[in-house]
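Note sheet for the following structure.
The values are calculated or read from the model by the stated rules, or taken from the named source; none is laboratory data. Because the structure is a prediction, the values reported are computed rather than measured. Here the Cβ is made from the backbone with ideal geometry for all residues, glycine too, and neighbour counts use every protein chain on show.
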Amino acid sequence: MTAAPGQPARSVLACGEVRTCLLPSFQALDGRAAAQLLRLRADVHVRVSERPTTYVLSPEILTGVDCRLPTSNGSKVRAVGTVAARAALTEGRLLQSTAYFSLPAAGPDLRRPWGQYLVRPGLVEPFGKLPQQATAEGVLRGAGRGELDLGMIAEGLLSQLRRHALLDRGKPFKSSPTKLRWVARRTPEGERASLVNFTVAEGGLRTMELRLPEHIPAASAAGICEDLALHDWLLTSVQHMLDNSRLGAADGPSVVKALHPIVVHLLHLWMPRAHVDPALGHLWDVLEEKPGFSRQWENLSRRIRDRLALQAVAMPQQARSAQAEGRNPNHIQTGDKT
Amino acid sequence: MLIFAASDKGGTGRSVTSANLAYHRALAGDDVCYLDFDFGSPTAAAVFDVGDARQDTEDRGLHAYLIGEVSEPARIDVWSETEHQVLRFPPPGCGRLVLMPGDVSGGEFATGEENLRRCVDLLMTLYYEFDLVVVDLSAGRSYAVDMVLEATAQPEMSEVTARWLVFHRWTRQHVGAAASLVFGKRGIVAGGVDRGHDEEALRNSIRFVRAAVPDPESPLWSQVSPTQSAWMRKTDGDLKQLASNHGIGYSQVLGSVPLEPVLQWREQLITDEDVLDSQIANEATWQALNQLAGRLTDDKYWEPA
Amino acid sequence: MTEAVFQETTAEPRTQAVPLAHLSLELGHLYMEDFEAGPKRLGEHFAEVRIWVDAVRASAARRSKRPRISTCFLIDDYFTRFSTPAELIPMVLKEAEKAGLVIDYLARESACAVADRVELAESVMHRLVESPPPGSYGSRPPVSRTGWLANGQRTPTMPAPALGGRAKGWEPPQETAARNHSIFMDVELWSEKDGRRLWSCPFLAAVWQLARLGLLRHLGQPVLMPREWQGGDFPPDWDRLDPLVKLTDTKAPFSAYRTCTLMPNRFLAVEDAVRLVLDQIDVDAGALQQVAERSAAEGMPVPAAVAQRATYVFYEEPGGSSEAGET
């Protein structure tokens, strides 16, 4: 992405927040319904990709801001511009929204006509010099009152989508959303992008720091962060479901009932780097090395399959009768309502 | 499932009892979220003994969220934040217990479309995330009551099961007032119908909880004179008749909580330790709370009368 | 990004480019009252306009030795329907010719609302990104609900004072980009009548400016593209006239880097409102980039802000007709 001619819009920092949640619907959406859901603008294409997984990406919408930047050292920096927000739906099941913006090293000391900000979407200009380190830390810590609130923008988009009339608002199973805040420091062109830090914090919060060469658009950084957030959500949610007390000592149909949604809705979703800018795909490598995201997922999947296999062995009778029921279309169980 | 806790007046033990119900369900393995919608006099932080965490979330509570000042209300994980010695070590197998505090400074506020929007969003988010969501509403026909009536009438919430508990004390005034809060001209049912609720469905989703009920048969009263004892029995009988006349008789009652000094004086969660080890609370209270907690989701108790 | 072997067309949508002139010059905008005043009035308009057209051409010649200028004319068929294309258009063309003017492109105003079954005004409305007053940290004011757009903060509505609170006195509105003092403006974008939305004149005029600036796209495709007039009679019904008709064989495309609009000075307020709207539209980024790159390559880079690309000449209406035109 190039800046408009004569506009020194080189950014030194890109920041964002990704929210990941289960789509509130019994039925996973097919590509066409997903495109309809994410049609945030009637006149812009929704990106639909069907290989290797169905992945639908909305057009971007902008939110105007004029407020203080979040900073870790209390310095008060006013900034004006637009924050870009977009949403993605993976396999018609996992819904994500991202709000992100870039920051140049410095900006003018007064507010310019609004139209000048609008022609550089996703850029927020500080008044004066940008305290880079403090802002990066502030974004990761989260906005204080009156500070630029990426979470509010991302959540606003997410709740707008969750209200969509297309959704049946069903709850196939209980799950918690996660949020991932990220900052990317710009590095000279030619350098390789790298992952500096990925932290799993409490309350579904994840933070991530990257180094991003100048020629890679912020949207691509948002993309890799969405990909990592999605897979982290899968690990977190499935782990939580397996940890659930009721599963621990239980056996019999309750195990099948508890594991059923994982098998039906989640197991096939693991597909790292599927829709990531190739220039950033290697960022996964560090996390595969330690802690080993895919390794953990394989382990979880195996546990689930073993558990179900054990169940089938222990209760051949029930398994058979369940099979018989399965053949009768009147007995097919779709999710259960609460 | 959503549970709304309402009461006609203050002092009915609504907050402390509903907090105890949330606690019991979490012990039983449910993920539970407790929302303090008692704007103006939030007490939940004290009940759950999370005073310090409460200080940290000052001004980021439900009130600030509903008026749009923060993107999401603060959450307090009770197990990890509480200063209560017993609660800090929940038994294995229990579910999450999360408190969303109100704001100390936040009073009632004017209703608006945006507030309502945010209220619906919040309730829906929590519905997807938790097994049980308990909402403690300020006493009377308050703004909080109006807002959740309006929210649950929205089409997007039509699939969500919402149930109401109306707490009242076991006295003539309280029985009358509770009946009027629900069935009166400006009551919950009428207010709900105005907002688009189906009257039958709404009526069937409301049950009463009799709080601080003295049991004439209790050993507490074993020392009273025969005259006093006879009078208590008679009064209890009269109250039952009165409740029945007001349409809040036996079939509309989900349960009773006995008169319990620990609830009356300390407003705290009653743990099994309070009952078994230190024995400051009565076994009967624990039993009553446990039973009530179970009935919240037991459809048998929510069938049309 | 490295070129991948595998590609999906639905995954990488592109914005198609449109041909661009240097300047789109609007020679007038015909409303019913102008028509009712008769051909003579129209002739006087064109005679006045002619003077300014020469000035505009002279100005354009300073930027380029061979300026590509296309002229256009807009007829209102949206707010009031009058006459027919068959009757009206030949009369307009004749009066223009008498003044020595050529109209290259002719558009119907309703085309700014819907053209070729694309809801242009609706799409543009969804592209409004309100200028945030100071203190906006991410909560999004819902424009589409109010139907009004301002250049600042309105006077707060005064709710009944809360219990114990004191009623506040009047507070002035505040222009966000004020210099010392505010010039606050609040523009009605549409009204609703019988469940139907009637777009306001400034809003449609903003869509018209975007079309002339080559910045409208629908799903990446250009919209409101001119169709050649095949000769013969114009249709007896406005709906059967193409939204944008090319009347001459000019080589200058309809859309251009810049626009210049010549109109009577009674439209000043409308056009000020148009600028307010243009200043808050998030234009298709692909189209914006194409225009920026090509204008720069021709050595006449466009101003960054879209509203700055539109200029105007407001002239005095001939023959005291401004009174006649006022309703």
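Out of curiosity, is B:ARG172 of a type in the set (Lys, Arg), touching a Leu at 6+ places or on another chain (Cβ under 9 Å) and closer than 19 Å to B:GLY196 by Cβ? When the stated conditions are applied, B:ARG172 does not pass them.
Residues of region C:223-235 that are charged (D, E, K, R) and part of a loop (DSSP other than H, G, I, E, B): C:ASP233 alone. Region C:236-327 holds strands (runs of 3 or more DSSP E) entirely within its bounds, and those carrying 1 or more residues that are among the hydrophobic types (A, V, I, L, M, F, W, C) and within 14 Å of chain A (Cβ to nearest Cβ) map to C:310-315.
Candidates A:ARG86, A:ARG39, A:ARG47, A:ARG78: the one that is buried (at least 22 other Cβ atoms within 10 Å of the Cβ) and either at pLDDT 95 or above or charged (D, E, K, R) (or both) is A:ARG86.
Let's see how each residue does on (1) assigned to a loop (DSSP other than H, G, I, E, B); (2) at pLDDT 85 or above; (3) more than 12 Å from chain A (Cβ to nearest Cβ):
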{"position": "B:ALA64", "(1), (2), (3)": "no, yes, no"}
{"position": "B:PHE89", "(1), (2), (3)": "yes, yes, yes"}
{"position": "B:VAL120", "(1), (2), (3)": "no, yes, no"}
{"position": "B:THR125", "(1), (2), (3)": "no, yes, no"}
{"position": "B:VAL135", "(1), (2), (3)": "no, yes, yes"}
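Among the residues of region A:203-223, what is the count of those that are touching a residue at least 60 places away in the same chain (Cβ under 8 Å) and surrounded by 24 or more Cβ atoms within 10 Å (Cβ to Cβ)? Selection size over region A:203-223: 3. The strands (runs of 3 or more DSSP E) found entirely in region A:127-233 that carry 2 or more residues being within 14 Å of chain B (Cβ to nearest Cβ) are A:178-187.
Regarding A:GLN27, is this residue part of a helix (DSSP H, G or I) and surrounded by fewer than 18 Cβ atoms within 10 Å (Cβ to Cβ)? For A:GLN27, the condition - part of a helix (DSSP H, G or I) and surrounded by fewer than 18 Cβ atoms within 10 Å (Cβ to Cβ) - is not met. Within region B:257-282, the set of residues being of a type in the set (S, T, N, Q) and either modelled with pLDDT of 90 or more or buried (at least 17 other Cβ atoms within 10 Å of the Cβ) (or both) comprises B:GLN268, B:THR271, B:ASN282. For region C:102-112, enumerate the residues that are buried (at least 19 other Cβ atoms within 10 Å of the Cβ) and either at the interface with another protein chain (Cβ under 10 Å from one of its Cβ atoms) or in a loop (DSSP other than H, G, I, E, B) (or both). Selection gives C:ILE103, C:ASP104. Within region B:283-298, restricting attention to residues that are in contact with a helix residue (DSSP H, G or I) (Cβ under 7 Å, 6 or more places away or on another chain) and over 12 Å from B:ASN20 (Cα atoms), the residue that is surrounded by the fewest Cβ atoms within 10 Å (Cβ to Cβ) is B:GLU283. When each of B:GLY176, B:GLY196, B:GLY192 is tested for being surrounded by fewer than 21 Cβ atoms within 10 Å (Cβ to Cβ) and either part of a helix (DSSP H, G or I) or of a type in the set (Phe, Trp, Tyr) (or both), the lone residue that passes is B:GLY176. Here B:GLU114 passes the criteria (1) buried (at least 23 other Cβ atoms within 10 Å of the Cβ); (2) closer than 24 Å to B:LEU149 by Cβ except the one numbered (1).
Scanning region B:100-118 for residues that are more than 13 Å from every other protein chain (Cβ to nearest Cβ) and modelled with pLDDT of 85 or more yields a count of 2. Tell me, please, whether a residue that is part of a loop (DSSP other than H, G, I, E, B), acidic (Asp, Glu), modelled with pLDDT under 95 and surrounded by 14 or more Cβ atoms within 10 Å (Cβ to Cβ) can be found in region C:67-81. Yes, there is a match, as at least one residue in region C:67-81 is part of a loop (DSSP other than H, G, I, E, B), acidic (Asp, Glu), modelled with pLDDT under 95 and surrounded by 14 or more Cβ atoms within 10 Å (Cβ to Cβ).
Does at least one position in region C:201-208 carry a residue that is surrounded by fewer than 14 Cβ atoms within 10 Å (Cβ to Cβ) and under 23 Å from the mean Cα position of the chain (by Cα)? The answer is no; no qualifying residue exists.
Here is a yes/no grid of residues against (1) touching a residue at least 24 places away in the same chain (Cβ under 8 Å); (2) surrounded by fewer than 21 Cβ atoms within 10 Å (Cβ to Cβ); (3) over 16 Å from C:ARG212 (Cα atoms):
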{"position": "C:PRO235", "(1), (2), (3)": "yes, yes, yes"}
{"position": "C:PRO253", "(1), (2), (3)": "yes, yes, no"}
{"position": "C:TYR257", "(1), (2), (3)": "yes, no, no"}
{"position": "C:CYS260", "(1), (2), (3)": "yes, no, no"}
{"position": "C:PHE267", "(1), (2), (3)": "yes, yes, yes"}
{"position": "C:ARG275", "(1), (2), (3)": "yes, no, no"}
{"position": "C:VAL291", "(1), (2), (3)": "yes, no, no"}
{"position": "C:VAL306", "(1), (2), (3)": "yes, no, no"}
{"position": "C:ARG309", "(1), (2), (3)": "yes, no, no"}
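Here's the yes/no breakdown for (1) surrounded by fewer than 15 Cβ atoms within 10 Å (Cβ to Cβ); (2) modelled with pLDDT of 80 or more; (3) farther than 30 Å from C:ARG294 by Cβ:
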residue: C:MET1; (1), (2), (3): yes, no, no
residue: C:GLN7; (1), (2), (3): yes, no, no
residue: C:ALA11; (1), (2), (3): no, no, no
residue: C:ALA17; (1), (2), (3): no, yes, no
residue: C:HIS22; (1), (2), (3): no, yes, no
residue: C:HIS29; (1), (2), (3): no, yes, no
residue: C:PRO39; (1), (2), (3): yes, yes, yes
residue: C:ILE51; (1), (2), (3): yes, yes, yes
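Of all residue pairs spaced 6 or more apart or on separate chains, those with beta-carbon atoms under 7 Å, a first member in region C:183-197 that is of a type outside the set (Asp, Glu) and a second member that is modelled with pLDDT of 95 or more and in a loop (DSSP other than H, G, I, E, B) are C:LEU189/C:SER200; C:TRP190/C:SER200. Summed over region B:9-49, residues that are within 16 Å of B:LEU289 (Cα to Cα) and among the acidic types (Asp, Glu) total 1.
Figure legend. Inter-residue proximity from region A:40-51: first residues under 15 Å from A:LEU62 (Cβ atoms) and more than 7 Å from chain C (Cβ to nearest Cβ), second residues not in a loop (DSSP other than H, G, I, E, B) and not aromatic (Phe, Trp, Tyr), beta-carbon distance below 7 Å, spacing 6+ or different chains. Indicated pairs: A:LEU40/A:ILE61.
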